[in-house]
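Quick notes on the structure that follows.
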Amino acid sequence: MTTRPTSTFGHVALIVAHCAGMVDLVALPVWVGTLIQHYQLDPQQAGGLATLFLIGAVLSSVFLASRFQRVKGRWVAAGGYALAATCFGVLSQPQDYATMALLHGLGGLAAGAALSVTHGTIARSANPHLKFAIVGIGLGVFAVLFLGASPKIIAATGGHMLFVLFGAVMLVASLVCAAGFPEPEREASAVDAPVARIPRAVWFGIVGISAMALVQSMTFSFLERVGSDRGYSLGLITGVFVVMGLVNLLPAALAAMLEKRWNPRSVLLAGPVIQVLLAAVIMNAPSFYPYAAAASVFAAVMIFTHTFAFGLLARLEPSGRAMAATPAMLMVGAAIGPVLGGTLVKTAGYGSLGLAALLIGCLAVLCMSRLPGQAPALLQQEAA
């Protein structure tokens, strides 16, 4: 197998690109909460804008995934994040709802393209599980900084600052990617031919991760709002965000340490169950402390589980095409989450999110049960 090592700056570029493209995983509660509080949108409208961004990411990811081996990753990543930065810069100025919707969708298309080539490049590394864990640790550091600072900055300066912060993140990612985005470590000749069929087990994994992403975004979008509506102060909620960011430093590192010790299938079966239980606690907790405890570790479950899923699926489908569609598999669920959550909250209250999470979580467990524990040679050859 022919490989090329990735430089230190190349690793930094992948980390920065991953953080920018996965900003929704970190910022959804601040995003939706700001749109409701500062832009006076109802939960359905606010969730709808976040959904449009995520739909855009899904569409561009689906388009690029099958073409991953034929595009220049550096320029797709740099150009995509530059366009996303422009969209957020325009959003920082007063706009009507229709214009905001258009810019959210266009920004999602741009960021999704950049994130697709990022994840495809990671999948074509010598050890995709470890590489994805590394960028996951970077995302945890980014979460600490963003969640610790952004709520207070937005409260002090106004809702437009949310889009200024998003634009700055995208601009930095564009510059870093232009300067040092790496080539895939494994040569195209070392992987399956582009026409090879993706193994059936990989499709079950994709649907399972999408279902977990739906529960994640549906719950996470209203994490700040449910706390605020229960009377918890901005200081308390910001404290929960800071703790959440610190906790998020751990799951990717733990996933890297446990790669050879824990069976991936067992992790993928347990992840949706734990996620559903935490979602139910967040939306139905009678007091602050159960809410805070569940919220603090909620995103960590998704990060830990997805690291194992990425490593297993990348070995089951080693061409990188399926993992280049990682934004699609995450965001097709995440795209539905904000608007579905907003509709449920608007019509049936926060408690209804817990029941919806249970139903979706059952689908995730069913799909994960169809995955093998490892990536045997037979399944790797099934695509041929």
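The values are calculated or read from the model by the stated rules, or taken from the named source; none is laboratory data. Just so we're clear, the structure is a prediction, and the values are computed from it rather than from any experiment. Methodologically, a virtual Cβ is constructed for each residue, glycine included, from the backbone with ideal geometry; neighbour enumeration extends over all protein chains shown.
For the reader, a short list of remarks on this structure follows.
- In summary, helices (runs of 4 or more DSSP H) completely within region 23-119 and bearing 2 or more residues that are touching a Lys or Arg at 6+ places or on another chain (Cβ under 8 Å) occur at 23-37, 43-65.
- Any hit, region 150-160, residues being modelled with pLDDT under 80, among the basic types (K, R) and surrounded by fewer than 17 Cβ atoms within 10 Å (Cβ to Cβ): no
Residue by residue, here is whether (1) out of contact with any Ser or Thr (no Cβ under 9 Å at 6 or more places or on another chain); (2) among the basic types (K, R) holds:
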| residue | (1), (2) |
| --- | --- |
| M218 | yes, no |
| L223 | yes, no |
| L234 | no, no |
| G245 | yes, no |
| L249 | yes, no |
| A252 | no, no |
| K260 | yes, yes |
| L268 | no, no |
| P272 | no, no |
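- Candidates S210, S174: the one that is at pLDDT 85 or above, at negative phi, in contact with a Cys (Cβ under 9 Å, 6 or more places away or on another chain) and not in a loop (DSSP other than H, G, I, E, B) is S210.
Residue-wise test of (1) at positive phi; (2) at pLDDT 85 or above; (3) more than 17 Å from the chain's Cα centre (by Cα); (4) surrounded by 24 or more Cβ atoms within 10 Å (Cβ to Cβ).
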| site | (1), (2), (3), (4) |
| --- | --- |
| M283 | no, yes, yes, yes |
| Y289 | no, yes, yes, no |
| A294 | no, yes, yes, no |
| T305 | no, yes, no, yes |
| L312 | no, no, yes, yes |
| A324 | no, no, no, yes |
| L330 | no, no, no, yes |
| A334 | no, no, no, yes |
| P338 | no, no, no, yes |
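- Of the criteria (1) outside any helix (DSSP H, G or I); (2) more than 26 Å from L312 (Cβ to Cβ); (3) not basic (K, R), which one A149 fails: (1)
- Selection status of V144, among the β-branched types (V, I, T), part of a helix (DSSP H, G or I) and within 30 Å of I237 (Cβ to Cβ): yes
- Take the conditions (1) part of a helix (DSSP H, G or I); (2) charged (D, E, K, R); (3) farther than 28 Å from F304 by Cβ; E183 misses just one of them, which is (1).
- From the options R230, R225, residue that is at pLDDT 85 or above and charged (D, E, K, R): R230
- Members of region 71-84 that are over 11 Å from L175 (Cα atoms) and hydrophobic (A, V, I, L, M, F, W, C): V71, V76, L83, A84
- Any hit, region 344-352, residues being modelled with pLDDT under 85, in contact with a Ser or Thr (Cβ under 8 Å, 6 or more places away or on another chain) and not hydrophobic (A, V, I, L, M, F, W, C): no
- Looking across region 111-138, the residues that are among the hydrophobic types (A, V, I, L, M, F, W, C), surrounded by 24 or more Cβ atoms within 10 Å (Cβ to Cβ) and more than 16 Å from F304 (Cβ to Cβ) come down to A111, A113, A114, L115, V117, I122, A123.
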